[in-house]
Each structure stands twice: as structure tokens, then as C-alpha cells.
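Presented below is the structure to which this report refers.
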Amino acid sequence: MPVLGKLALAAALVLLSTACSAASPAPPSAAPPAAVAAAGWSPAPVVPLPSQPPPSLAVDQPLPEQLAMGLVVLRYRAENLRIVPVYGPAALDVSPRIGHIHVTVDDAQWHWADGSGEPLIIQSLPAGPHKVWIGLADPTHKILDEKTVSFVVPVHNGHH
């Protein structure tokens, strides 16, 4: 074996023995759920939760650039509830909690339900003030939280 090969082999053995004799680091401890939640993480939605904080709804204001084009885009998110298109009393026992939203525009006598979790896109509203009510609902349509977003659609030319 050439000298260079013997030196490389010796160096590799020294590194290997050093790595094997070094104390193994302790496995990371699982962070308690409160610490995980405080860090901005919610529990993974793959196992039942022994207890859940109440669900809540957050809704952003529409962006002025889209409003100027006559387009209302409302981004929302549910906390402590997953938005899915699953309905009925049997779904109340699902953990982590699931639900959907109800939407009413300008105090209409009707609403629609949405289980997509995608932003709401409303177009062709006339220029002027408007409001959109969004209710966070459980699978039996019971409202758990609600928000109303008010905005003004400016006069615009053209269609989107």
C-alpha cells in the first residue's frame, strides 16, 4: 500500500474512533404542547387531541389594488379548527376539530357555505360601501366565531 494510502487510512481510523468514543448527544426532548403553541405552531392534525382551545376566525381586509378593479379577495384562516367539506352530527366527534364557513354579502337574506379553505373572491359588486359577514361553523352549521369586513368598492371601468 502506498504511503499516501496508509496515511489516509490512518486518518480515517482516527476520525472513526473519535466519533465513536464521543458521548452521544441526548435525544431532543419533545416540547410540551403549550411551548409548541407559544412558538406559533399548532398541533399536527393527525392525532386526536385530549383538549382543544376554542376555535377562532381571522379575516384580512381586501387589498385596495383588487378593489380598484372591482374584485374583492378576502383571505381568512381558522385557528383551532380545520376547514374541510365535511358535514353532519357524526363529524362533531372528529379531533382535531373540523368545520367550514358561512358567507353573507351586504345583509342578504341568504348565505353560502364553503369548505375549501381558499380565499373568498367576490366580483361585480357595484361601487360603494359593502360588508361581508363570515361565520366559522361546526359540521352541523352552528356558528362558533364570526367576523364582518367592511370596505368600499371604488368606481371602476372595465371588467375583471
Being open to solvent by less than 60 Å² (accessible area, probe 1.4 Å) and without any contact (Cβ under 8 Å) to a residue 12 or more places away in the chain is the requirement here; does ALA108 meet it?
yes
Could you check segment 87-130 and list, in sequence order, the residues that are of a type in the set (Val, Ile, Thr), farther than 16 Å from ASP145 by Cα and at pLDDT 95 or above?
VAL105, ILE121, ILE122
Pairing a residue in segment 63-92 that is within 17 Å of PRO119 (Cβ to Cβ) with any residue that is part of a helix (DSSP H, G or I) and not small (Gly, Ala, Ser), where Cβ atoms lie under 6 Å and the two sit 6 or more apart in sequence or on different chains, gives VAL73/GLN66
Of all residues in segment 115-153, count the ones that are among the aromatic types (Phe, Trp, Tyr) and without any contact (Cβ under 8 Å) to a residue 40 or more places away in the chain.
1
Would you be able to tell me the number of residues in segment 99-145 that are part of a loop (DSSP other than H, G, I, E, B), hydrophobic (A, V, I, L, M, F, W, C) and in contact with an Asp or Glu (Cβ under 9 Å, 6 or more places away or on another chain)?
1
Are any of the residues in segment 54-70 over 20 Å from the mean Cα position of the chain (by Cα) and in a loop (DSSP other than H, G, I, E, B)?
yes
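The values are calculated or read from the model by the stated rules, or taken from the named source; none is laboratory data. Note that this is a predicted model, so its numbers are computed, not measured. Backbone-built Cβ (ideal geometry, glycine too); neighbour counts: all protein chains shown. Areas reflect the complete protein model, heavy atoms only, side chains present, ligands, DNA and RNA absent. Shrake-Rupley method; radii C 1.70, N 1.55, O 1.52, S 1.80 Å.
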